[in-house]
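Down below is the structure, laid out as structure tokens.
Taken together, the values in this text are just the output of simple stated rules run on the coordinates, not laboratory data. Nothing here was measured: the structure is a model prediction, and the numbers come from that model. Every residue, glycine among them, receives a Cβ derived from its backbone with ideal geometry; neighbour counts consider all protein chains shown.
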């Protein structure tokens, strides 16, 4: 039985292709041969080749292992950090109160 894959949206395909290209350049800047980089990530050379091509079938865990091998895992850790979530930040800003009033202390009755 063969696996049928749902095609990824074009933006996803483009993002993965760029990520793969950037990882390839990171490996090359480190002067790492493909075989060495694959060994460091505990993956096969062909899997590393798939990553560098932006293959959407490679798991995120494998990408994370490659990033770790290049000393860049903190980039993944910050990937969806709240500071970069502009949509949610804009929505939060829309929910801010227009006015803030100070509350009067409750009156105490004198007997």
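So how tilted is helix 10-29 from the main axis of the chain? Cα-based, degrees 0 to 90, rounded to 10.
60
May I ask you to order 18-24, 64-70 by the average number of other C-beta atoms within 10 Å around their residues, highest value first?
Final packing ranking: 64-70, 18-24.
In nanometres, what is the gap between the two model label sites at residue 99 and residue 25, each 7 Å from Cα along Cα-to-Cβ?
5.3
Cut-off 10 angstrom, C-alpha nodes, Gaussian network model of the chain. Which of 15, 37, 88 fluctuates the most?
88
Figure the gain on full extension for residue 107 and residue 73 (residue separation times 0.36 nm, minus the Cα-Cα span) and round it to one decimal in nm.
Contour length minus the Cα-Cα distance gives 6.5 nm.
I need the shape label for the range 4-45. Rule: rounded when a/c is under 1.5, else prolate if a/b > b/c, else oblate, with a, b, c from the alpha carbon gyration tensor.
It comes out oblate by the Cα gyration axes.
Which residue, 79, 16, 89, tops the fluctuation ranking in a GNM of the chain built on C-alpha contacts under 10 Å?
89
Based on alpha-carbon centroids, what's the gap between the range 25-62 and the range 72-90 in Å, whole number please?
Computed from Cα coordinates, the inter-centre distance equals 24 Å.
Using only helices, what value at 222 nm comes out for the chain when you add -39,500 (n - 2.57) per DSSP H run of length 4 or more and divide by the total residues, to the nearest 500 deg cm²/dmol?
Counting only the DSSP helices, I get -16000 deg cm²/dmol.
Suppose R0 equals 22 Å. What FRET efficiency, 1/(1 + (r/R0)^6) with r the Cβ-Cβ distance, do residue 35 and residue 55 give to the nearest 0.05?
It comes to 0.75.
Just to confirm the number: angle between the C-alpha axis of helix 60-69 and the first principal axis of the chain, 0 to 90 degrees, nearest 10?
Its long axis makes an angle of about 80 degrees.
Looking only at 93, 52, 77, which one moves most when the chain is put into a Gaussian network model with springs between Cα atoms under 10 Å?
Comparing 93, 52, 77 in a Gaussian network model of the chain, the most mobile one is 93.
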